Structures are given as structure tokens and as C-alpha cells.
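Take a look at the structure set out below.
The values are calculated or read from the model by the stated rules, or taken from the named source; none is laboratory data. All values reported here derive from a predicted model rather than from experimental measurement. Glycine gets a Cβ as well: all are built from the backbone with ideal geometry, and neighbour counts include every protein chain shown. Quick note on the areas: whole protein, heavy atoms, side chains included, nothing else; ligands and nucleic acids left out. Shrake-Rupley method; radii C 1.70, N 1.55, O 1.52, S 1.80 Å.
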Amino acid sequence: MPSLDMLLEEIVTANRILAHEGVVDSFGHVSARHPDNPKRFLLSRARAPERIEKDDIMEFTLEGDPVDARGRAPYLERFIHGGLYEARPDVHSVVHNHSPSVIPFGITERKLKPLLHMCANIGHEVPTWDSHDKFGDTALLVESVDMGRDLALAIGSGPSILMRGHGATVVLTPGEVDKVISRTGPYTLNRAWENWCRRAGRPYQAELA
Ligand SMILES: [Zn+2]
């Protein structure tokens, strides 16, 4: 388990990488479960991922309440993260994005499936969550605990989910990390992570990878 300080640095790095690789733009976010308290999670204040610094990372309860806001405004959609950490003890990281490349799959009957080995982590078939089913007309944002819990219900035990007219959410479990490492080894996994870190102008913390 990484120390809190190292994990905070890695959350900054993950934000910068997602921005640099075009997965998120000014919106979208990545969080991690608190390493010392499984009922808390760590997520930046409301800021573009490319601009996030360590001091922007806030601690939240699973209901999405900031533990010590210090004047920092949280993301409206923090309930995505809280809902998933609450429902899935196996989940240690959550990425929510509005990547244009996945949006069409949320409105078509065609299912999003992995077509090459590097995509296997999306699961066999990606479900779609439609907020209208339970909440009717909304701004298409996950802005309450109830919505976060409903999204978590829809993802079930899977690793990813599409959100109609909105984007996608992806979770990462220790078991998946173990399997990826066993299949690829640090030789491959570290190669990609180091490359993404350096491209995003962030230090590479090899001991975490
Ligand atoms: Zn969103």
C-alpha cells in the first residue's frame, strides 16, 4: 500500500496523464481510495486535470462530503466516486471522463467490446447507464448520492460503464492490477507508465508501479 504522500503525487500524475493523452479536457476526474481509511477517498477540487497540483487534492466521505474543504470547491460529480467506493470494496481508483470517442457507444444499440489485447480491461461487454430511467429529465450530471449509487448498481461487478449523453466511468481493482502485471510484467507496464509520466512532465515513481 503506498503512503498517503506518494498517492497524492500519483493522483496528480494520473490527472496530468489523462489530460495529456486526450482522455479528459477541462472536465473529467480521477480519484483513489484513501490508503489509511477505506471509507474515504481522494479527489481534486474542481479544476481542469491539466492544472491540478498536490494541494488541490481533497479528502471526501463516501457520501461526497469534504472532510476539510479549506475553501476549495469540490467537483459536482464527486458522487460518482463515492457511490462506487461504497458499493465496491474491491475498487481502489475511479476515472470519470467525457471522451468524445466513447460518447456514441452510449446511444447506439451496438455494444462496446474489446477488440485487441490492450483493451481487455474494459470487460467483455460495457453496460450503459441511462440516468433518465430512474431520474427523468436531468442535466445529465451525477449530482446526488442517489445518482452515484444508481450508477454503481448499474456497473455491477464490472470494470467500466458508459453513461448516455455524458461519458464513461472506469474502475480499477487490485485483482486486475495483479493480472495485468502477471501477464505483462513490470517490464511492459512500467514502460508505458514511465512514458506517460514523462510526456506529461511528471516524475516517475518507479517503486509504486
Ligand atoms: Zn461527467
- Message: What's the total number of residues in the stretch 49-66 that are assigned to a helix (DSSP H, G or I) and either farther than 27 Å from Leu162 by Cβ or open to solvent by 10 Å² or more (accessible area, probe 1.4 Å) (or both)?
- Response: 5
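Return yes or no: is Ser93 within 16 Å of the ligand (Cβ to nearest atom) and either open to solvent by 10 Å² or more (accessible area, probe 1.4 Å) or modelled with pLDDT under 95 (or both)?
Values: within 16 Å of the ligand (Cβ to nearest atom): no; either open to solvent by 10 Å² or more (accessible area, probe 1.4 Å) or modelled with pLDDT under 95 (or both): yes.
Taking the combined requirement at face value, the residue does not satisfy it.
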- Item | Any hit, the stretch 16-24, residues being away from the ligand (no atom under 16 Å from the Cβ), closer than 16 Å to Val170 by Cβ and of a type in the set (Val, Ile, Thr) | yes
- Qualifying positions in the stretch 35-48 - in a strand (DSSP E or B) and open to solvent by 50 Å² or more (accessible area, probe 1.4 Å): Arg40, Arg45
- Message: Quick check on the stretch 130-152: of everything there that is within 16 Å of the chain's Cα centre (by Cα) and outside any loop (DSSP other than H, G, I, E, B), which residue is surrounded by the fewest Cβ atoms within 10 Å (Cβ to Cβ)?
- Response: Arg149
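Residues checked against (1) closer than 25 Å to Leu42 by Cβ; (2) open to solvent by less than 20 Å² (accessible area, probe 1.4 Å):
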| site | (1), (2) |
| --- | --- |
| His81 | yes, yes |
| Pro104 | no, no |
| Ile107 | no, no |
| Lys111 | no, no |
| Ala154 | yes, no |
- Query: For the stretch 25-34, how many residues meet the condition of being more than 16 Å from the ligand (Cβ to nearest atom) and part of a loop (DSSP other than H, G, I, E, B)?
  - Reply: 1
- Counting only residues that are modelled with pLDDT under 95, of a type in the set (S, T, N, Q) and under 21 Å from Asp68 (Cα atoms), the stretch 1-40 contains a total of 1
- Go through (1) over 27 Å from Glu9 (Cα atoms); (2) within 14 Å of the ligand (Cβ to nearest atom); (3) at pLDDT below 95 and name the single condition Ser99 misses. (1)
- Item | Considering residues of the stretch 107-129 that are within 16 Å of the ligand (Cβ to nearest atom) and within 18 Å of the chain's Cα centre (by Cα) only, the residue nearest to Thr61 (Cα to Cα) | Trp129
- Message: So in the stretch 67-79, with the set limited to residues that are assigned to a loop (DSSP other than H, G, I, E, B) and within 12 Å of Leu43 (Cα to Cα), which one is farthest from the ligand (Cβ to nearest atom)?
- Response: Val67
- Item | Which listed residue, of Ala69, Ala73, Ala87, is open to solvent by 50 Å² or more (accessible area, probe 1.4 Å) and in contact with a strand residue (DSSP E or B) (Cβ under 8 Å, 6 or more places away or on another chain) | Ala73
- Task: May I ask you to list the residues in the stretch 15-34 that are under 10 Å from Glu50 (Cα atoms), open to solvent by less than 50 Å² (accessible area, probe 1.4 Å) and among the hydrophobic types (A, V, I, L, M, F, W, C)?
- Result: Ile17, Leu18, Ala19, Val24
